[in-house]
Amino acid sequence: MKRIAHIAVFLASLSLSGCGAERDLSGIWRQAECSADGWAYELHLGRYGDGLTGLVVRYRCKASVETFAPENECGCFLISTGKAADDVLSFALYRPTEPFGPTADFEAEDPQCRPPPPDCARTFILDGGITTERLEGTSGCTQDTVSRLSFESVKGKLRTNCVAYEGPS
Amino acid sequence: MKPGVGLLLLLTSLQLLPTVAAAAGGDSDASRLHEGLPRAFVKPHVVVYPVRDIRALGAQDAAAAKGLQGEGVEAWQAFESLLRARENLRLTDSRAQILTIQRAGVYRELLQRARDDAAAGYTAYQEVRLDEAIERMRAAEASFVLVEHHIVRPKEVARVALTQGLALLESGQDPAPAFARALLFDPALRLRVGFDRAEAIEAFESARKGLLSGPSLTEGLQLRTRRPPSVPKGAHLVRGLVRVGRLSVTIISPDAIREDSEPLDGDPQEAASRLASRLWCCLPFGRFPARKTHDRGLYIDAGFAYNTFYDAPVEAFGNTGAAANVRFILAEGIGLDLNASLTNSNRDREEDLRDSIGILRIAAGPGLEKRWGRWRLMTTVGFEYALHSAVVTTGNPACKLFEVGQVPPTLCSEEDIDRVDGAQLIGLHGSVGVAVAVAGRVYLTARASTAKYIFRTDDSGLKLPFGLQFGLGYQLF
C-alpha cells in the first residue's frame, strides 16, 4: 500500500510546481475590526502541510486605517505550536509575556508601547473554509475569555523579522 | 635516362604485365562466373519456348515430313542445355514453360470451353452444318490460342484449324488462311490422298506452297511477337526456329529484339555452342545485390528536461531544466548516444527542501534505432555520471520560513536541518525515445530515461532518477 502511495505521489509530482493545498492560507491576514480590548492583530502565516509557523504583530487600535501603520506596532510574537488541519489553523504565541519588535531598538509612536506590554498566553483557532479571503475564529487566553475574530487577507511580503526588543538606542 | 635504368623499368613492367592483365580480366563476365556468384545475385529471367521446326513444311507428303528429324532438334536441345549451364541466368526451359502455361488460372476453364466448341464443331461438320462448324472451330481455335494451347498440344489446335478450313471450302469460302494456320501449328500436317477430297487436298497444298513462298510464313510464325501473358514482365523470351539447314533464334527482351542463326551443316553441338555463346553475350549478365547503405547520420537535439526521483529524502519533487542529446548513427539501426541534462529542483509538497538542488546528468552509450517512415524509435543503454548539489531538508515549519538565528533556537536551530553535501554518482543508464521528422532534417523528439547508481561519493538520498526530455533536433548528416 505504501509502495502504491509512493508511486502515486511520484507520478503526481510530475507537475512542474510544488504548489497545492499544503500552502493554503499562507500569507498576511489583518484583523477586520478592533477587539474590545483595543488591540488589532496582523498575522504573517507560513503553512507547510500540517505545520504552521509565522508571526503575529499587535497594533494599538486607532480610529483610522493607520491602525496597521508600522510606527503603530506594539509588539510582535512568534508563532509556536502551530498546526493546520484542512482549513483550520491553530497556534499560540511564543513567549507572550516578552513581546519582540521589528528591530531590537524599535521606537513605537505610542509611548505605552515602549516597551510593548506583555500579552496573555493567547491562542488562536481560525477557520479559512467558511468564507473565501477571510479567517474566522476565536482568540483567547483562557476558555472564559474567548472572543470572536475575523481576519482579511492582505497582499504584501510575508514578514520574517520579529526580534527580541531591547529598547530604543 | 640511362640505358640501365630503362632496361630495369622495362623488365619491371614485363613482370607486372600478367598481374595487370589478370586484374583487368577479373572483371569479365566469364571470370565472374568462374569465381562463383553470391546467393543474392539477381539473375535475368530467360524463358525459352519450344522450338518451331518448320522443315516439314517443305516435305511433299506426311511420310517425307516425318523423316525430317535429327540435327535441327538436336542442335536446339544442345542450345537449351548450354543456356541452362550459364549460372548467371534464371532459365525457364521449354518444358518448364509448357507447365507454366498449363498452370495459368484460366487455362483449364478456357481449354474445356475450347474443346467443347471443337467437339460441337466436329459434329456440325459431319452433319454438314457448315456455318455452325466454321463458327465453332473459329471460337475453339481462338480459345486455344488465347491460353497458348497451340504450344502445349499443337496438333490438337492444328486439327481444329484444318477442320475449319475444310468447312470453309465446302461452304464456298476461302480456306487458305485456315489451312495456313493449321500448317503453322503442325508443319507435318497433310491431308490423305484417297481419304480426303481431292479438292481439299489441292486447296491445302496450295496453302502450303503459298506459305513457303510468300511473306505470310514469317508473319504467321510470329517470332517477333512480344510477350505472351505467361511470360513475366522483365523476362527475356527466346524463340527458336529450325529451317532446312539452319537454326535461328530470336530473343525478345524488354528493350530490344535480337536475332541470330547458325547453319546446321556440321556438328549440331558446335552450331549450338556458337549460337549460345553469341546470344549469351547479348543477354544481361545480371547484377550483384546492391550494398545496403546504412544511414550514417548525426542527430543533435536540445530542449526541455524534467527529472524526478523515485527515492528521495522528502516527498517526490520535480526538477526542471534543459537537456541536449547527440546521436551518431554508426550503421543501420545502431548508434552512439551522448546525453546531458541540467535541472534545478522545484518545491516539494511540504517544502521540506530548503535549498534548490542542481542536478547534472551525463549519459553515454550505444543505442538501437528502428525507423518507420518519418518516425524513429530509439533505445540506449550505457553509463551515467551525475552531479548533485547539496541537499538541505527540514521538517520544522519554523525553519522553512525563518533562517537559523532569525528566531530562538527552541523554534528553529541547526539540529532541525539535515544537510548532505553535493555528491558525484556513477551508474547504469537506460532510455527510450521517439523522434519524428517534421520538416526536412528537423525533428521533434521525446525521451524517457532512468539510471541505477552504483557508486556515489555521498548519500543524498536521491535514487533512481526518472527523466523526461522534449526537444527539437536537426539531422546534420
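The values are calculated or read from the model by the stated rules, or taken from the named source; none is laboratory data. From a predicted model like this one, the values you see are computed outputs, not experimental measurements. We place every Cβ from the backbone using ideal geometry, glycine too, and count neighbours over all the protein chains shown.
Couple of notes before you dig in:
- When the criteria are applied in full, B:Thr163 meets the requirement of being out of contact with any His (no Cβ under 9 Å at 6 or more places or on another chain) and either outside any helix (DSSP H, G or I) or surrounded by 22 or more Cβ atoms within 10 Å (Cβ to Cβ) (or both).
- The range A:113-169 - residue that is of a type in the set (S, T, N, Q) and in contact with a Leu (Cβ under 9 Å, 6 or more places away or on another chain) and, of those, nearest to the other protein chains (Cβ to nearest Cβ): A:Thr160
- The range B:302-354, residues that are more than 19 Å from B:Pro397 (Cα to Cα) and acidic (Asp, Glu): B:Asp311, B:Glu332, B:Asp337
- Among residues of the range B:312-329, those that are without any contact (Cβ under 8 Å) to a residue 60 or more places away in the chain, touching a strand residue (DSSP E or B) at 6+ places or on another chain (Cβ under 7 Å) and over 16 Å from B:Leu377 (Cα atoms), counted: 7
- Residue count, the range B:381-416 (criterion: assigned to a strand (DSSP E or B) and more than 14 Å from every other protein chain (Cβ to nearest Cβ)): 10
- Looking only at the range A:31-56, and only at residues there that are out of contact with any helix residue (DSSP H, G or I) (no Cβ under 6 Å at 6 or more places or on another chain) and among the aromatic types (Phe, Trp, Tyr), the one that is farthest from A:Phe151 (Cα to Cα): A:Trp39
- Odd one out for A:Arg47 among (1) within 9 Å of chain B (Cβ to nearest Cβ); (2) in contact with a Ser or Thr (Cβ under 7 Å, 6 or more places away or on another chain); (3) under 22 Å from A:Tyr165 (Cβ atoms): (3)
- Unmet criterion (only one of (1) exposed (fewer than 14 other Cβ atoms within 10 Å of the Cβ); (2) away from chain B (no Cβ under 14 Å); (3) over 16 Å from A:Asp24 (Cβ atoms)) for A:Asp86: (3)
- Residue in the range B:451-469 that is in contact (Cβ under 8 Å) with a residue 12 or more places away in the chain, closer than 21 Å to B:Gly335 by Cβ, out of contact with any Pro (no Cβ under 8 Å at 6 or more places or on another chain) and of a type outside the set (S, T, N, Q) present: yes
- Counting only residues that are within 17 Å of A:Gln112 (Cβ to Cβ) and either part of a helix (DSSP H, G or I) or of a type in the set (A, V, I, L, M, F, W, C) (or both), the range A:56-69 holds 6 of them.
- Within the span defined as the range B:103-110, one or more residues are over 30 Å from B:Ala40 (Cβ atoms), at pLDDT below 95, aliphatic (A, V, I, L, M) and in contact with a Ser or Thr (Cβ under 9 Å, 6 or more places away or on another chain).
- Any hit, the range A:104-112, residues being within 14 Å of chain B (Cβ to nearest Cβ) and either closer than 23 Å to B:Gly395 by Cβ or in a loop (DSSP other than H, G, I, E, B) (or both): yes
- Across the range B:450-477, the qualifying residues are those that are assigned to a loop (DSSP other than H, G, I, E, B) and hydroxyl-bearing (Ser, Thr, Tyr), and the one among them that is farthest from B:Asp311 (Cα to Cα) is B:Thr457.
- Considering only residues in the range A:138-149 that are crowded, with 16+ Cβ neighbours inside 10 Å and touching a residue at least 24 places away in the same chain (Cβ under 8 Å), the one that is farthest from A:Ala92 (Cα to Cα) turns out to be A:Leu149.
- Selected residue [part of a loop (DSSP other than H, G, I, E, B) and within 14 Å of chain A (Cβ to nearest Cβ)] from B:Ala316, B:Ala305: B:Ala316
- Top-ranked residue of the range A:51-83 - restricted to ones that are within 14 Å of chain B (Cβ to nearest Cβ) and surrounded by fewer than 22 Cβ atoms within 10 Å (Cβ to Cβ), ranked as nearest to A:Trp39 (Cα to Cα): A:Ser80
- When the helices (runs of 4 or more DSSP H) confined to the range B:67-157 are screened for residues that are within 30 Å of B:Gly172 (Cβ to Cβ) and among the basic types (Lys, Arg), those reaching at least 1 such residues are found at B:107-126, B:130-146.
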